[in-house]
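The values are calculated or read from the model by the stated rules, or taken from the named source; none is laboratory data. Small disclaimer: the values here were computed from a predicted structure and weren't measured. Neighbour counts are summed over all protein chains in view; Cβ atoms, including those assigned to glycine, are modelled from backbone coordinates with ideal geometry. To get the accessible areas, we keep the full protein, side chains included, count just its heavy atoms, and leave off ligands, DNA and RNA. Shrake-Rupley method; radii C 1.70, N 1.55, O 1.52, S 1.80 Å.
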Amino acid sequence: MPPVFPMLTVLSMFYYMCLRRRARTATRGEMNSRRAIESNTRALPINVEIVQYAKEVLDFSSHYGSENSMSYTMWNLAGIPNVYPSSGDFTQTAVFRTYGTWWDRCPSARLPFKRTPSTFCSQDYVELAFEEPVYPTAVHILETYHPGAVVRILACSANPYSQNPPAEVRWEILWSEPPTKVNGPQARQFTPCIKQINFPTNLIRLEVNSSLLDYYTELDAVVLHGVKERPVLSLKTSMIDMNDIDEDEDEEKFGCGMDTLNKQFSIVTLREWPTNGYFDKLPYELIQLILSHLTVPDLCRLAQTCKLLYQHCCDPLQYIHLSLQPYWARINDTSLEYLQSRCTLIQWLNLSWTGNRGAISVSGFSRFLKVCGSELVRLELSCGHFLNETCLEVITEMCPNLQELNLSSCDKIPPQAFNHIAKVGSLKRLILYRTKVEQTALLSILNFCSELQHLSLGSCVMIEDYDLIASMMGAKCKKLRSLDLWRCKNITESGIAELASGCQLLEELDLGWCPTLQSSTGCFTNLARKLPNLQKLFLTANRSVCDTDIEELAANCTHLRQLDILGTRMVSPASLRKLLESCKDLSLLDVSFCSQIDNRVVLELNANFPNVFIKKSFTQ
């Protein structure tokens, strides 16, 4: 009997296309015709244009710099340009923490959420406040090194300097495009063609995706052009906007108001359809499989078409993995309330970037987890500034099966609140990057969470004694595979020795910008000998790394894939050749600002080892 699987695949794709078309036609009449008008209009010059630089950096998801300095931090985006029009690597610019795809190709990489809409590709963001609210006419972004990371520009209706917060915070996308590869790292002024909006703003948000970049992007300043009075619009033509009839148009691409999504969540009245078509002829499991390819808004639309599909779209099995991060601007307490009945079996939940400026309350978050937290295994809450001690207490009480918790850049959580995390003994991954976790709480977490495999403590500035922390890791966290100690200020060779002796399964270790480590103490040699499974090692900006350290890595860490020794003055071309010959899997080698490694050496190494990306940064 011939196999039937190819026919099932064709049939599944046919039904998927039918369902997608049916979901979209169900709400086609509700689409706002405003876009057809706006796309064919232009502003008449009746106002004097105001030009202003950012007054203040309000929020951001990550940065390369330290929390206690200005070098390479997002705070450099406030004010006039420091570097532009010069090109190169300058400490006075704003730099995000990652670039390229290297962070997705290391042991600490996390599995992506399915159903992420193709229109959402943002990895990081920064929010900027300006002095005067205006109707934007242009946004200029001064990029000074490796441009091309900005993928979305948004405007907010809330005035950060107003004493009276608005009843509803509205975000509108001014411009959005997929990431593009820019030829060359030279500086440029990026001025995309922005959409006109119907409210004044002095709060602009940039979202970036650095996956196509060869190195860190550097931003110098942002200039907002606008007028005080709403521009008068003049119709040029009466042409129809093709976006209004595009089958692939998504609400999330343009509308960032909360009403639209919440209406979709809350629809209970179904349109009258004469029959279910042929969909009720299909096995339940096959319909579920087809629907698993739809995004959350598509599921909400499809639920309005008939009772059969309503039942399928509200089935908790469709919400085992749920990422609400792409819809961060529209998620609030009401959204979570509508989703509760559908998320009783949820295992992965991504609420990163959501809930800020009062959109999600502590009580709303707590109610949701009390209903939906029992099966949670993974919880992403990056940049969730609504989180407080009560929220962490609810997480530890309502999520007994939790294995992964991401609190990256949740810098509003008070230090004492982190003690609650110690109650979740099943944790395997904990991300505390840029949080205010303090030493006592962290020691308690390490003592009771012995199953930890991935731990990020990058830029945690309130920890007083990292040697003590490293000693506790070595004693209690024997299963640790990745550890981020980026910019920890006081770890010494003693802590490194305890860590290397106790955590010998380590495959990834970030010791970038740890100034108290000195090669002369033998700490790096000890690491190389005790951790043969290392695949990623960042020793960024450690000036003391020398040939002996590189040769020990070549002899003992043959599985090494990524090595960053930016800034060392003591590594010669000869030792790098030994490393490249020994570590056949090496794919990233950063030798920026290494005084003995000039451009001629880099060209030679690139010619002899073409599979390795060897980075040599520069300053003009």
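I'd like the residue in the range 292-316 that is within 26 Å of the chain's Cα centre (by Cα) and under 17 Å from LEU339 (Cα atoms) and, out of all such residues, is modelled with the lowest pLDDT.
By that ranking, first place goes to CYS300.
Quick one: is SER86 assigned to a loop (DSSP other than H, G, I, E, B) and either touching a helix residue (DSSP H, G or I) at 6+ places or on another chain (Cβ under 6 Å) or more than 20 Å from VAL223 (Cα to Cα) (or both)?
The answer is no for SER86.
Given the criterion under 30 Å from GLU451 (Cβ atoms) and either not assigned by the TED database to the domain that holds ASN447 or not polar (S, T, N, Q) (or both), identify the matching residue among LEU505, LEU605, LEU576, LEU566.
Exactly one residue qualifies, and that residue is LEU505.
Where the second residue is in a strand (DSSP E or B) and the first is buried (at least 22 other Cβ atoms within 10 Å of the Cβ) and lies in the range 303-326, which pairs have Cβ atoms under 8 Å and are six or more apart or on separate chains?
Partner pairs satisfying both residue conditions: LEU324/LEU349; LEU324/ASN350.
For residues that are touching a strand residue (DSSP E or B) at 6+ places or on another chain (Cβ under 8 Å), assigned to a loop (DSSP other than H, G, I, E, B) and open to solvent by less than 10 Å² (accessible area, probe 1.4 Å), tally how many sit in the range 589-607.
Residues meeting the conditions: 2.
Out of the range 458-480, which residues are over 17 Å from LEU527 (Cβ atoms), aliphatic (A, V, I, L, M) and touching a helix residue (DSSP H, G or I) at 6+ places or on another chain (Cβ under 9 Å)?
Matches in the range 458-480: MET462, ILE463, LEU468, MET472, ALA475.
Could you tell me whether the range 96-117 includes any residue that is part of a strand (DSSP E or B), at pLDDT 95 or above, under 18 Å from ASP59 (Cβ atoms) and in contact with an Asp or Glu (Cβ under 8 Å, 6 or more places away or on another chain)?
No - not one qualifying residue is present in the range 96-117.
Within the bounds of the range 405-420, is there any residue that is touching a strand residue (DSSP E or B) at 6+ places or on another chain (Cβ under 9 Å), open to solvent by 20 Å² or more (accessible area, probe 1.4 Å) and within 20 Å of CYS106 (Cβ to Cβ)?
Within the range 405-420, none of the residues are touching a strand residue (DSSP E or B) at 6+ places or on another chain (Cβ under 9 Å), open to solvent by 20 Å² or more (accessible area, probe 1.4 Å) and within 20 Å of CYS106 (Cβ to Cβ).
Against the conditions (1) open to solvent by less than 50 Å² (accessible area, probe 1.4 Å); (2) in contact with a Phe, Trp or Tyr (Cβ under 8 Å, 6 or more places away or on another chain), where does PRO117 fall short? Just the number, please.
(2)
Kindly establish whether LEU586 is assigned by the TED database to the domain that holds CYS557, modelled with pLDDT of 95 or more, part of a loop (DSSP other than H, G, I, E, B) and surrounded by 19 or more Cβ atoms within 10 Å (Cβ to Cβ).
yes
What pairs come up if the first residue lies in the range 560-576 and is open to solvent by 10 Å² or more (accessible area, probe 1.4 Å) and at pLDDT 95 or above, the second is in a helix (DSSP H, G or I) and among the hydroxyl-bearing types (Ser, Thr, Tyr), and their beta carbons are under 8 Å apart, counting only those six or more places apart or on different chains?
MET570/SER519
Give the residue that is modelled with the lowest pLDDT, with candidates limited to residues of the range 251-291 that are open to solvent by less than 70 Å² (accessible area, probe 1.4 Å) and among the hydroxyl-bearing types (Ser, Thr, Tyr).
Among those that are open to solvent by less than 70 Å² (accessible area, probe 1.4 Å) and among the hydroxyl-bearing types (Ser, Thr, Tyr), it is THR260.
Being modelled with pLDDT of 95 or more and either open to solvent by less than 40 Å² (accessible area, probe 1.4 Å) or assigned to a loop (DSSP other than H, G, I, E, B) (or both) narrows it down to one residue among ALA555, ALA541; which is it?
On inspection, the qualifying residue turns out to be ALA541.
Mind listing whichever residues of the range 466-496 are out of contact with any strand residue (DSSP E or B) (no Cβ under 8 Å at 6 or more places or on another chain), open to solvent by less than 60 Å² (accessible area, probe 1.4 Å) and not polar (S, T, N, Q)?
The answer is TYR466, ASP467, ILE469, ALA470, MET472, GLY474, ARG487, CYS488, ILE491, GLY495, ILE496.
For the range 144-163, indicate whether the set of residues that are open to solvent by 60 Å² or more (accessible area, probe 1.4 Å), in the same structural domain as SER210 (by the TED database) and not basic (Lys, Arg) is non-empty.
The answer is yes; a qualifying residue exists.
State which residue is nearest to LEU537 (Cα to Cα) when the search covers only the range 442-462 and only residues that are open to solvent by 10 Å² or more (accessible area, probe 1.4 Å) and in a loop (DSSP other than H, G, I, E, B).
So, considering only residues that are open to solvent by 10 Å² or more (accessible area, probe 1.4 Å) and in a loop (DSSP other than H, G, I, E, B), the one nearest to LEU537 (Cα to Cα) is GLN453.
Return yes or no: is PRO107 more than 30 Å from LYS615 (Cβ to Cβ) and either of a type outside the set (Gly, Ala, Ser) or surrounded by fewer than 19 Cβ atoms within 10 Å (Cβ to Cβ) (or both)?
So PRO107 fails the test.
Rundown of residues vs (1) of a type in the set (Val, Ile, Thr); (2) in a strand (DSSP E or B); (3) more than 29 Å from GLN562 (Cβ to Cβ), yes/no style:
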site: THR119; (1), (2), (3): yes, no, yes
site: ALA129; (1), (2), (3): no, yes, yes
site: HIS140; (1), (2), (3): no, yes, yes
site: GLU143; (1), (2), (3): no, yes, no
site: GLY148; (1), (2), (3): no, no, no
site: ARG152; (1), (2), (3): no, yes, no
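Failed condition for PRO532, given (1) touching a Cys at 6+ places or on another chain (Cβ under 8 Å); (2) open to solvent by 10 Å² or more (accessible area, probe 1.4 Å); (3) farther than 19 Å from HIS454 by Cα; (4) at pLDDT 95 or above, with all others met?
So the condition that PRO532 fails would be (3).
Can you confirm whether the range 476-494 contains a residue that is in a loop (DSSP other than H, G, I, E, B), under 18 Å from ASP585 (Cβ atoms) and modelled with pLDDT of 95 or more?
yes
Of these, SER426, SER361, SER374, which one is of a type in the set (Ser, Thr, Tyr) and within 24 Å of VAL169 (Cβ to Cβ)?
So the residue among SER426, SER361, SER374 that is of a type in the set (Ser, Thr, Tyr) and within 24 Å of VAL169 (Cβ to Cβ) is SER361.
Condition test on PHE130, is it surrounded by 15 or more Cβ atoms within 10 Å (Cβ to Cβ), touching a residue at least 60 places away in the same chain (Cβ under 8 Å), in contact with a strand residue (DSSP E or B) (Cβ under 9 Å, 6 or more places away or on another chain) and within 24 Å of ASN350 (Cα to Cα)?
For PHE130, the condition - surrounded by 15 or more Cβ atoms within 10 Å (Cβ to Cβ), touching a residue at least 60 places away in the same chain (Cβ under 8 Å), in contact with a strand residue (DSSP E or B) (Cβ under 9 Å, 6 or more places away or on another chain) and within 24 Å of ASN350 (Cα to Cα) - is not met.
Considering the range 60-77 alone, what residues qualify as being of a type in the set (Gly, Ala, Ser) and surrounded by fewer than 21 Cβ atoms within 10 Å (Cβ to Cβ)?
Selection gives SER66, SER69, SER71.
Quick check on the range 384-407. Is at least one of its residues on the phi > 0 side of the Ramachandran plot, within 22 Å of the chain's Cα centre (by Cα) and part of a loop (DSSP other than H, G, I, E, B)?
Checking the range 384-407: not a single residue is on the phi > 0 side of the Ramachandran plot, within 22 Å of the chain's Cα centre (by Cα) and part of a loop (DSSP other than H, G, I, E, B).
Every residue, every condition in (1) part of a helix (DSSP H, G or I); (2) open to solvent by 10 Å² or more (accessible area, probe 1.4 Å); (3) in the same structural domain as PRO297 (by the TED database), yes or no:
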{"position": "TRP328", "(1), (2), (3)": "yes, yes, no"}
{"position": "THR334", "(1), (2), (3)": "yes, yes, no"}
{"position": "GLU337", "(1), (2), (3)": "yes, yes, no"}
{"position": "SER341", "(1), (2), (3)": "yes, yes, no"}
{"position": "LEU345", "(1), (2), (3)": "no, yes, no"}
{"position": "SER352", "(1), (2), (3)": "no, no, no"}
{"position": "ILE360", "(1), (2), (3)": "no, no, no"}
{"position": "LEU369", "(1), (2), (3)": "yes, no, no"}
{"position": "SER374", "(1), (2), (3)": "no, yes, no"}
